[in-house]
Amino acid sequence: MLTPINETLFYFIENEFKESTASQKPILLFARPCDINAIQVQSKIYEENGEFSDIYFSRIKNNLKFVLMDCNGGDDTCFCVSMNSNTTDNWSIAIKQVENEYLLSVKDNEFLSCFENCEQTEYEPEFVSQNSISVQVNEIPNKDVLNKLKQHPLWQEYDKRCIACGSCTVCCPTCT
């Protein structure tokens with residue numbers, strides 16, 4: 001959604017070109033805290049990495065609001081607590097399913113009118129405090145160690161299958 005497969009960037013007419021105009025369509029994205037944090041990391045890469053900001057990414061992201069989905073700790077491959085990506089305050093609405101009902105917390109005044117006629121309850125999102133697995137990311141002390149890691153057989157095997165399409169960079173914002 002933030003990095004569309006197809007997107008018109010320019011229109012070419014004879015010897016001139018015109019940049020495409022931005023869609024003003026608002027986007028409401030349902031996401032867990034780890035996903036919201038991953039998108040913030042991805043934003044730094046597209047908007048703060050080097051001399052230029054990716055205006056095409058920014059104009060989509062600027063129309064984006066998050067609905068924070070309650071998370072029960074994830075599955076057996078989640079490690080958000082280890083990465084400090086288990087909490088966020090970047091949300092407009094929080095939602096939690098309780099049996100056949102949904103609890104909402106509306107933080108963004110823009111959405112208050114949507115829920116005026118709903119029964120009012122007290123709900124604040126809770127965040128995962130422990131996963132079933134944990135990871136530790138060690139600091140790489142210097143470039144010599146980094147270069148040795150790059151020569152690890154794991155990456156050599158990965159490189160054999162890589163077709164340099166770049167999809168790995170955008171398919172998982174956390175991995176980005």
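The values are calculated or read from the model by the stated rules, or taken from the named source; none is laboratory data. Because the structure is predicted, anything quoted here is derived from the model rather than measured. Quick reminder, even Gly has a Cβ in these numbers, built from the backbone with ideal geometry, and neighbours come from all protein chains shown.
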message: Criterion first (of a type in the set (S, T, N, Q) and closer than 24 Å to Asn72 by Cβ) does Gln156 satisfy it?
response: no
message: Quick check on region 59-81: of everything there that is of a type outside the set (A, V, I, L, M, F, W, C) and either at pLDDT 90 or above or touching a strand residue (DSSP E or B) at 6+ places or on another chain (Cβ under 8 Å) (or both), which residue is nearest to Thr121 (Cα to Cα)?
response: Asp70
query: Looking at this structure, is Thr3 assigned to a loop (DSSP other than H, G, I, E, B) and within 12 Å of the chain's Cα centre (by Cα)?
result: yes
- prompt: Which one of these is out of contact with any Lys or Arg (no Cβ under 7 Å at 6 or more places or on another chain), surrounded by 10 or more Cβ atoms within 10 Å (Cβ to Cβ) and more than 20 Å from Asp89 (Cα to Cα): Asp54, Asp35?
  reply: Asp54
- prompt: Of all the residues that make up region 115-135, how many are touching a Ser or Thr at 6+ places or on another chain (Cβ under 7 Å), free of Cβ contacts under 8 Å to residues at least 40 places away in the same chain and surrounded by 12 or more Cβ atoms within 10 Å (Cβ to Cβ)?
  reply: 1
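Just the residues that are surrounded by 12 or more Cβ atoms within 10 Å (Cβ to Cβ) and either under 14 Å from the mean Cα position of the chain (by Cα) or under 29 Å from Pro125 (Cα atoms) (or both), please, taken from region 6-29. Working first, answer last.
Keep residues of region 6-29 that are surrounded by 12 or more Cβ atoms within 10 Å (Cβ to Cβ), which gives 20, 22, 27-29.
Matches in region 6-29: Ile27, Leu28, Leu29.
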query: Considering only residues of region 46-72 that are assigned to a helix (DSSP H, G or I) and of a type in the set (D, E, K, R), which is farthest from Ser85 (Cα to Cα)?
result: Arg59
message: If I ask for residues that are charged (D, E, K, R) and either free of Cβ contacts under 8 Å to residues at least 40 places away in the same chain or buried (at least 18 other Cβ atoms within 10 Å of the Cβ) (or both), which ones from region 76-101 would you list?
response: Asp89, Lys96, Glu99, Glu101
field: Filter result for the condition that a residue is among the aliphatic types (A, V, I, L, M) and farther than 15 Å from Leu29 by Cα, over Ile60, Ile45
entry: Ile45
field: Per-region count, region 136-165, residues within 25 Å of the chain's Cα centre (by Cα), closer than 30 Å to Pro33 by Cβ and surrounded by fewer than 10 Cβ atoms within 10 Å (Cβ to Cβ)
entry: 5
